[in-house]
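For reference, the structure discussed in these notes is given below.
Just so you know, all these numbers are worked out from the coordinates, no wet-lab data involved. Predicted model only: the values in this text are computed from it and were never measured. Backbone-built Cβ (ideal geometry, glycine too); neighbour counts: all protein chains shown.
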Amino acid sequence: MPHRVRAVLLTPAGTLLLMKRLKPGQRPYWVVVGGGVEPNDASPEDALLREIREEVGGSATILRHLHTIDRGDERQDFYLAAIDTWSAADRTGPEFDRPDRGEYLLEEIPATTQALDALHLLPEEFAVTLRNAVEHGELIAER
């Protein structure tokens, strides 16, 4: 079963660093950074730190596990992480070499329910979880 790991990245400004996806012929959508756990990753957390380095050109500190989506054929674990610096110029993920996959834009989003409600954040099940965590102040207090 494929295992994916994803991170809600909190910035020093208290914003959320998200990935905006632009694909030809599709409505723009946002995702939290992450990807698949590979056989050479020592742990899911190690895979997540690798994905953060690849996708945002920075390093983060994992604070805690937030949520799991297990659909039977795929598992996704979502974590809360703090990130201090990032650089689009230092991204190295293989997806950036494939123009047919569209664009991957890093965006800081206010950590408010209003900002999240304005986004098409996927997967939708996690969007609800993240919105609830923001609404109850469960993210910023941990930074």
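With contacts defined as alpha carbon pairs under 8 Å and 6 or more residues apart, what's the relative contact order of the chain in percent?
30
For the stretch 1-43, list residues with backbone N below 20 Å from a point placed 7 Å from the Cα of THR85 toward its Cβ?
Backbone N within reach: 9-18.
Of the options LEU22, GLY137, LEU10, report the single residue whose Cα projects farthest towards the positive end of the charge dipole of the chain (beta-carbon charges: Lys, Arg +1; Asp, Glu -1).
It is LEU22.
Magnitude of the Cβ-charge dipole of the chain, K/R +1 and D/E -1, about the Cα centre, nearest 20 debye?
260
Among ILE62, ILE109, VAL32, whose Cα projects farthest towards the positive end of the dipole of the chain, with charges put on the beta-carbon of Lys, Arg (+1) and Asp, Glu (-1)?
Going by the charge dipole, the pick is ILE109.
Bins of 10 Å, beginning at zero and ending with the bin holding the largest distance: percent of Cα pairs per bin for the chain, please.
Percent of pairs per bin, in order: 12, 44, 38, 7.
Given the -39500 (n - 2.57) contribution per DSSP H run of 4+ residues, what per-residue ellipticity at 222 nm results for the chain, rounded to the nearest 500 deg cm²/dmol?
For the chain, the value works out to -6000 deg cm²/dmol.
Would you mind telling me the antiparallel percentage of the DSSP bridges in the stretch 3-142, rounded to 5?
75
Show me, for the stretch 77-87, the HN-Hα J-couplings you get by feeding each phi into the Karplus relation (A = 6.51, B = -1.76, C = 1.60, θ = phi - 60°), rounded to Hz, glycine and proline as x.
Taking θ as phi minus 60°, the curve returns 10, 10, 10, 9, 9, 9, 10, 9, 9, 7, 8 Hz for the stretch 77-87.
Local charge sum around LEU105 (other residues, Cβ-Cβ under 14 Å, Lys/Arg +1, Asp/Glu -1)?
That sum, taken over residues with Cβ under 14 Å, equals 0.
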